[in-house]
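Before any comments, here is the structure.
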Amino acid sequence: MSYYDAFKDLPLAIDSYELIGHSLAVSSGFERLTTEIVFRDGAGGEGRGEDVIYDAFDHIAIQDSPPDLPLPFSGTFDEFSRALGEAQLFP
C-alpha cells in the first residue's frame, strides 16, 4: 500500500482558498519566492501548504491571477486531486 492509498478515500470539503506570497533572502543574495495555499472548509477548519515552484515569475503570475479551482468541493481527497489535474492552475 502506498502513502497515497492510505488517505485517498478520506472525505474532503473545501469552500474557499487564499494565496499568500512570501519571500526569503538566501545567502547568495537571491530572493526565494513561495506561495502559501490556504484551503478553508467553511466550518472553521483549514489546511495549508506551500507551492514549491522555483521560478519567481510563476509565483507572481499565480498570485496576480489565481487559478480556476473546482470550488466549492465536497468528496474524497482522490476526487479533488483528479479535479485539480484537470484545472487550469497557471495563467
In whole Hz, the Karplus estimates of ³J(HN,Hα) for region 35-52 (6.51, -1.76, 1.60; θ = phi - 60°; x where Gly or Pro) are 10, 8, 10, 10, 9, 10, 9, x, 10, x, x, 8, x, 10, x, 10, 7, 10
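Which net charge results for the neighbourhood of Asp9, defined as the other residues with beta-carbon distances under 14 angstrom from its beta-carbon, given Lys and Arg at +1 and Asp and Glu at -1?
Spelling it out: positives minus negatives among the neighbours equals -1.
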Per residue, how big is the convex hull of the chain when only Cα atoms are used? Give it in Å³. 123 Å³
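Which loop-located chymotrypsin sites (Phe, Trp or Tyr not before Pro) does the chain contain, where loop means any DSSP state but H, G, I, E or B and the Cβ has at most 10 other Cβ atoms within 10 Å?
Answer by residue number: Phe30, Tyr54.
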Using alpha-carbon coordinates, inclination of helix 77-86 to the longest axis of the chain, degrees: 50 degrees
Could you do me a favour and compute the accessible area per residue for region 1-41, 1.4 Å probe, result in Å²? 71 Å²
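The values are calculated or read from the model by the stated rules, or taken from the named source; none is laboratory data. Keep in mind it's a predicted model, so treat the numbers as computed, not measured. Every residue, glycine among them, receives a Cβ derived from its backbone with ideal geometry; neighbour counts consider all protein chains shown. Side chains included, ligands, DNA and RNA excluded: accessible areas come from the protein's heavy atoms. Shrake-Rupley method; radii C 1.70, N 1.55, O 1.52, S 1.80 Å.
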